[in-house]
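The structure appears right after this line, and notes come after that.
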Amino acid sequence: MYDIDTVRQDFPILAREVYGRPLVYLDNAATTQKPREVVEAMVQEYYEVNANVHRGVHYLSQQATDLHEEARRTVARFIHAASEAEVVFTRGTTESLNLVADAYSRAFLHEGDEVLISVMEHHSNIVPWQLARERMGLVIKVIPMTDEGEMDLQAYEQLFTPRTKLVCVAHVSNVLGTVNPVRKMADIAHEHGAHILVDGAQSVPHFSVDVQEIGCDFLTFSGHKVYGPTGIGVLYGREALLERMPPYQGGGEMIARVSFEHTTYERLPFKFEAGTPDYVGTHALAVALDYVSRLGMDHIHHHEQALTQYAMEQMAAIPGMHLYGTAPGKDAVVAFNVGDIHPLDLGTLLDRLGIAIRTGHHCAQPLMQRCGVEGMARASFALYTTRAEVDALVQGIDRVRKMF
Ligand code: PLP
């Protein structure tokens, strides 16, 4: 069974204090803490294996290459990709999204073609499309949401025209916690001859994501949000699409042959991986994915769902509380404001109690506008978050509230 006390021992940072109080870390949507084995895997690789991958004939280089390519197989298994050629390593979700916005647009889009994104997207899934729009005259259309924070599927379907080529949506909103019906959205996109990209930054850490089951054409996620290191991420893409997309960056690793007249590119996925990859990061990411797989994604999901529900109930009872995002099954994120306390004040005072939350626009300014606020406070949970920590948050908010 899922023993939270044992699990917490895997994360040394959780035992530390801030301002002489036990740390209550509730900023997991921004980044998660790392289990000991992930950090140790990195230290061990630097101490015992380190050598550049792919290019060397020597022992260490081959060992590092084996770890790096084994990591790709681990990722492919974790998200149920049909083949490891569909797994491109990037620096994170943001780079994965920029890669698609650049290379997919060059391969498949023309002036006047339409890309659908939703009102609840992170800036990382908005700005790359605006850059592509400036470059080639794309049209960006925005899928609205209901007041509960659910994707408006009726409006979604009505946005399609013969020019709609791609849909790009968050699997889980990093503010509202809404789990979007991406399978259904993929079916609708495909019926209209469009492709769909799912931003899995906030889903992959929380429940099992199967790219074949959800029927997406692309999936993006970040290692650091799924208990892995910073600086490593993944772009999954269907092989037939990646094959037709041009390289995103040029340089070592991604070439087959170079002359001054002409260059040919490596096979997938290397065509998209210019330069020395973060091979220590890929290995450590695989260790993190093995770690959560061992705990069981279903156990993690069950734990976090119960915790989210508990937090929503407890927080709703605080006078003056406004909760954003009340969709059924919402996951691991609670965004809120209390009375007219500025979220920055709330966050700063909670910090003094040892409670780390995030405040501001959460890189989703259009969503803030939709909700009619400048900013929100946000508590976000992870596999190691306890009910006692939610209680500490609720008591902390109540204490701060009474100061105003
Ligand atoms: N998309 C969503 C939904 C996110 O929550 C985040 C990070 O908060 C990102 C994209 C960007 O991720 P990264 O900063 O790791 O590239």
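The values are calculated or read from the model by the stated rules, or taken from the named source; none is laboratory data. These figures come from a predicted structure and were not determined experimentally. With ideal geometry, Cβ positions are generated from the backbone for all residues, glycine too; neighbour counts draw on all protein chains shown. SASA here: full protein model, heavy atoms, side chains in, ligands and nucleic acids out. Shrake-Rupley method; radii C 1.70, N 1.55, O 1.52, S 1.80 Å.
Miscellaneous remarks
- Maximal additional length on extending the D391-D290 stretch stands at 33.3 nm, based on 0.36 nm per residue less the C-alpha distance.
- Taking the inverse of the mean 1/r over every pair of distinct Cα atoms in segment 213-288 gives a Kirkwood hydrodynamic radius of 13.9 Å.
- The GluC sites (Glu not before Pro) found in segment 213-262 that occupy coil by DSSP, while having at most 12 further C-beta atoms within 10 Å, are E261.
- Percentage, to the nearest whole number, of Cα pairs in the chain over 38 Å apart: 22 percent
- In terms of its alpha-carbon gyration tensor, segment 1-142 comes out oblate; a/c meets the 1.5 threshold, while b/c is at least as large as a/b.
- The calculated Kirkwood hydrodynamic radius for segment 277-383 is 15.8 Å, given to one decimal from all distinct C-alpha pairs.
- For segment 257-400, the share of accessible area belonging to carbon and sulfur comes to 51 percent (1.4 Å probe, ligands and nucleic acids excluded).
- Which of E150, E86 is most accessible, then next, and so on - probe 1.4 Å: E150, E86
- Over all other residues within a Cβ to Cβ distance under 15 Å of I341, the charged ones net out to 0, with Lys and Arg as +1 and Asp and Glu as -1.
- Part-to-part distance (alpha-carbon centres) for segment 166-185 and segment 323-380, which is given in Å: 19 Å
- Anisotropy class of segment 149-259 from Cα gyration tensor, a/c 1.5 cut: oblate
- Segment V373-D345, length gained on full extension (0.36 nm per residue, minus Cα span): 8.6 nm
- Counting lysine pairs in the chain whose alpha carbons fall under 19 angstrom apart, excluding pairs fewer than 8 residues apart on the same chain, gives 6.
- Computed label-point distance, nm, for sites K402 and Q44 using a 7 Å Cα→Cβ extension: 5.0 nm
- Model label points for A256 and Y59, set 7 angstrom from Cα along the Cα-to-Cβ axis, are 3.5 nm apart.
- Separation between Cα centres of segment 224-240 and segment 277-320, rounded to whole Å: 16 Å
- Were the residues from L131 through A306 laid out at 0.36 nm apart, the gain over their Cα-Cα distance would be 59.0 nm.
- Across segment 161-226, the convex hull enclosing all Cα atoms gives 83 Å³ per residue.
- The distance between label points at Q212 and R73 comes to 1.7 nm (points 7 Å beyond Cα on the Cα→Cβ vector).
- Kirkwood-Stokes translational diffusion coefficient of segment 87-204, alpha-carbon pairs, 20 °C, 1.002 mPa s, µm²/s: 150 µm²/s
- Taking every protein chain into account, the accessible area of the chain amounts to 43 square angstrom per residue (probe 1.4 Å).
- Surface composition of segment 1-112: carbon plus sulfur atoms contribute 51% of the solvent-accessible area (1.4 Å probe, protein chains only, all chains present).
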